[in-house]
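Beneath this line is the structure, given in structure tokens, with notes to follow.
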Amino acid sequence: MAAKNVKVNLPEGTKIPVHIGMIMDGNGRWAKKRGLPRKLGHREGAQTFRTITRHAKNIGVKYFTVYAFSTENWKRPADEVEAIMDLFEKYLDEVRDFIEENIRICFIGDRSMLRPVLQQKMKSVEEDSRDFKAMTLLIAINYGGRDEIVHSARMLAEKVKAGELEPSEIDEKLMNDNLYTAEMDGDIAPDVDLIIRPSGEQRLSNFLIWQAAYAEYYFTNILWPDFKPKDLEEAIIAYSDRHRRFGSL
Ligand code: IPE
Ligand code: IPE
Ligand code: MG
């Protein structure tokens, strides 16, 4: 089923966040409420992902990062993890629809633990969309913010070991420029402006912990499969009304 384009309906003058992070949470509870298996919740959530990604692009968001699978989600029962990985495989074919929309697709996280066929598909989607400019969609799979910071530290340690870098030269910019969000062929995602979490939980769960140092947060009780384009607009309107000081006055 193709995702539909929905008309953007935002008041004139709304400030649009450059980078939005979305924690796609609540699939399991959505299914439970209906007496369905959890994997049907994930399937429904994947539909929402397509609709909301399109809408973010139509609104004019430049970077949209979605949390699809965390480094901690391996703790779930094997059959659920497998169902999620099957869905990724299927959706990686469908995500190609976004290429028609001029959306660049990148993946963040440690891919080495994913099925080889999945890794292959991820690489090919990235290559085929690398020149698209309307929006960059970052899909976080086997992603953890702490793992990402460790990864960056390791990259820098390698450079020190090779004699290319002095420890005293390591600063916030270098740490930032070696995160997964900087591994996009020369492009580096800016800090995240707005993090949205549906499902009623009010926590980051290891999402973009470095990049979110000055993010605004928006929480809603809606479960991800029920999240609609108008809910994204409500979050952006709330963001637009906030006064970001970044430590100054
Ligand atoms: C988010 O939905 C999807 C993943 C973590 C893969 P959940 O599966 O966490 O849904 P709830 O939180 O159990 O409702
Ligand atoms: C965060 O949701 C991860 C994703 C949405 C992919 P979780 O459902 O895993 O987070 P916790 O366990 O409630 O913190
Ligand atoms: Mg959850």
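The values are calculated or read from the model by the stated rules, or taken from the named source; none is laboratory data. Values in this document were obtained by computation on a predicted structure and should not be read as measured data. Here the Cβ positions follow ideal geometry from the backbone for every residue, glycine too, while neighbour counts run over all protein chains shown. These area figures cover heavy atoms from the full protein model, side chains too; ligands, DNA and RNA do not enter into them. Shrake-Rupley method; radii C 1.70, N 1.55, O 1.52, S 1.80 Å.
Numbers for the structure displayed
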read-out: Backbone HN-Hα couplings from phi across region 213-225 [Karplus 6.51/-1.76/1.60, Hz, Gly and Pro as x]; value: 3, 10, 6, 8, 10, 9, 10, 9, 7, 4, 7, 3, x
read-out: Percent accessible area from carbon and sulfur atoms, region 67-217, protein chains only, probe 1.4 Å; value: 50 percent
read-out: Partners for K39 among lysines (Cα-Cα distance below 18 Å; same-chain residues under 8 apart left out); value: K75, K90
read-out: Per residue, in Å², the accessible surface of the chain once ligands and nucleic acids are set aside, probe 1.4 Å; value: 51 Å²
read-out: Between region 145-163 and region 55-92, the alpha-carbon center distance in angstrom; value: 26 Å
read-out: Solvent accessible area, Å² - V117, 1.4 Å probe, full protein context; value: 70 Å²
read-out: Note, ³J(HN,Hα) from phi for region 234-249, Karplus 6.51, -1.76, 1.60, rounded to Hz, x at Gly and Pro; value: 4, 5, 5, 5, 4, 4, 4, 8, 7, 9, 8, 9, 6, x, 8, 9
read-out: Max mean-square fluctuation residue, GNM over the chain, Cα-Cα springs under 10 Å, options K159, K228, K121; value: K159
read-out: Magnitude of the charge dipole, region 139-249, Cβ model with Lys/Arg +1 and Asp/Glu -1, debye to 20; value: 380 debye
read-out: Proximal lysines relative to K7, as straight alpha-carbon distance under 26 Å, when same-chain residues fewer than 8 apart are discounted; value: K15, K57, K62, K133, K228, K230
read-out: Viscosity 0.890 mPa s, 25 °C: Kirkwood-radius Stokes-Einstein D of the chain over Cα pairs, µm²/s; value: 130 µm²/s
read-out: Cα gyration tensor shape of region 70-159, rounded if a/c is under 1.5, else prolate or oblate by comparing a/b with b/c; value: oblate
